[in-house]
Amino acid sequence: MTLKTIQWLDNAVLAIDQTLLPAELVYDRIETIESMWDAIKRLKIRGAPAIGIAGAFGLYLGVRTLPDAAGMDAFSAALLEKAAYLASSRPTAVNLFWALNRLKEKASVLRAAGRSVAQIKEGLLDESIAILEEDRRMCRAIGEYGFALIAGKKTILTHCNAGGLATSEYGTALAPVYVALERGQTIRVFADETRPLLQGARITAFELSRAGIPVTLICDNMAAVVMAQGKIDAVIVGADRIAANGDTANKIGTYGLALAAHAHGVPFHVAAPASTFDLTLASGAGIPIEERDAAEITCGFGKRTAPSGIEVFNPAFDVTPFRYITSFITDQGVIDPPFSNNFQSRFGLA
Ligand code: MRU
């Protein structure tokens, strides 16, 4: 039913080039850290969990060609340098940093246990595969918990793409809809087209219609109207980074959507795996927000739609304050307010 967004196959990463969707479904074979950096930067691979998986494999690709004979110190230094390089690709989705840290930690543990450079390399590949497999399980769990939350609802609205194509396979915000389909329930999805890069139109609409889920595409500026018309039972979005108080970074436009949902009494849920929570940040004020090229707005998809040289502001994400969020649907259950306390207890920190 779902597409395999990113896989490890024949000693390389095989990933759907999402810049070509929906016109072409093309799989890219990625064999070097440089091409992985480029794939993340250019949004060939995108969506927070998929970026994390890509980062892990990217780091393995970067170190696998280092000569084993160069010694442990040289290997460790190169690992850190290559992790920093990958971390410079996109700043907002914490899953990237989470995955890179996990690989660095794995290397330290193996080194402390006296393993060779060759064995550490092997361990890093195993850890990358484990991250991919875990993501699949986490998304499935989000789907089950989210389904229980929205069972019986007829329509949800989502923004950007937090579906299978943003993860290894199954999605976060869209996972409950896939579970509903499996259980014989049809939930219609209203998909915001998501300016400027149209992840909603190009990717969400593509993957849902391909799976046989009814989808209605709307422009971003129509969301408040469909809520006012009573067409939306709940909003579910994904997340790129969630701070300790529940403030949530997600695709630009999410904040406005949360305000509209609040005004219309529509529940607003954020679906995300544990790897998207950054409890080191007290609030959303500390989340780095990526700003992207002006040409995405003035000359999107090769068509000039604004005068050359015009000043542009193009943040790729915004932060929704926790007070507009009804609940978080995680792989460890649904978390209700008060978020600070409940995150601590749910993630075993209190
Ligand atoms: O710029 P993108 O396409 O990587 O942005 C993606 C989003 O904002 C998603 O909603 C988020 O990463 C969650 S994906 C499960």
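Farthest toward the positive end of the dipole of the stretch 6-137, out of Val94, Pro22, Ala12, is the Cα of Val94, where the dipole comes from beta carbon charges about the Cα centre.
Taking 8 Å as the Cα distance limit and 6 or more residues as the minimum spacing, I'd like the relative contact order of the stretch 6-137 as a percentage. List each step's numbers first, then the result.
Numbers: 160 pairs, mean separation 30.9, N = 132.
Reported as a whole number, the value is 23 percent.
Each residue, Asp73 and Leu20, gets one label point 7 Å from its Cα in the Cβ direction; the gap between the two is 4.6 nm. Distances between placed amide hydrogens fall under 5 Å for Leu217 paired with Ala191, all partners being 5 or more residues away or on another chain.
Relative to the Cα centre, the charge distribution of the chain, modelled as +1 at Lys and Arg Cβ and -1 at Asp and Glu Cβ, gives a dipole magnitude of about 480 debye.
Which whole-number percent gives the relative contact order of the stretch 283-350, counting Cα pairs below 8 Å spaced six or more residues apart? Computed over the stretch 283-350, the figure is 23 percent. Karplus-based coupling profile of the stretch 60-71, in residue order and whole Hz: 4, 4, x, 9, 5, 8, 5, x, 4, 6, 5, x, with θ = phi - 60° in 6.51 cos²θ - 1.76 cosθ + 1.60 and x standing for Gly or Pro. The gain in end-to-end length when the Thr32 to Ser88 segment is fully stretched comes to 18.6 nm, 0.36 nm per residue minus the alpha carbon separation.
Express the relative contact order of the chain as a whole percentage, based on alpha carbon pairs under 8 Å and six or more residues apart in sequence. It would help to have the intermediate numbers written out before the result.
On the way: 693 pairs, mean separation 56.5, N = 350.
Contact order relative to length: 16 percent.
The HN-Hα couplings worked out from phi for the stretch 83-99 by the Karplus form 6.51 cos²θ - 1.76 cosθ + 1.60 (θ = phi - 60°) are 5, 5, 4, 5, 5, 7, 6, 8, x, 8, 5, 6, 4, 4, 6, 4, 5 Hz, whole numbers, x standing for Gly and Pro.
Across all C-alpha atoms in the chain, the radius of gyration and Dmax reach 20.0, 67 Å. Taking amide hydrogens as placed 1.01 Å from N in the peptide plane, the amide H of Asn250 sits under 5 Å from those of Asp240, Asp318, Thr320, each at least 5 positions away in sequence or on another chain. Cut-off 16 Å, label point 7 angstrom out along Cα-to-Cβ of Ser340: give me the residues of the stretch 232-251 whose amide nitrogen falls inside. In the stretch 232-251, the label zone of Ser340 (backbone N under 16 Å from the point 7 Å along Cα→Cβ) covers 243-248. For the stretch 122-148 and the stretch 167-213, what is the separation of their C-alpha centers, rounded to whole Å? Using only Cα atoms to place each centre, the spacing works out to 19 Å. On a 32 Å Cα-Cα criterion, which of the cross-link pairs Lys41/Lys153; Lys153/Lys303; Lys231/Lys251; Lys82/Lys251; Lys106/Lys153 come out too long? Where the Cα-Cα span goes over 32 Å, the pairs concerned are Lys41/Lys153; Lys153/Lys303; Lys106/Lys153.
Take the Cα of Thr65, step 7 Å toward its Cβ, do the same at Glu133, and the gap between the two points is 2.9 nm.
A Gaussian network model of the chain, with springs between Cα atoms under 10 Å, assigns the largest mean-square fluctuation among Asn250, Asn11, Asn221 to Asn11. Rounded to the nearest whole Hz, the Karplus-based 3J(HN,Hα) values (6.51 cos²θ - 1.76 cosθ + 1.60, θ = phi - 60°) of the stretch 286-302 follow the sequence x, 7, x, 9, 5, 10, 10, 4, 4, 4, 4, 9, 8, 9, x, 6, x, with x at glycine and proline. Charge tally for Ala201 (other residues, Cβ to Cβ under 9 Å; Lys, Arg +1; Asp, Glu -1): -1.
Bear in mind that the values in this text are calculations on the coordinates, not laboratory data. This structure is a prediction, so every number in the text was calculated from the model and none was measured. Reconstructed Cβ throughout: ideal geometry from the backbone, glycine too, with neighbour counts over all protein chains shown.
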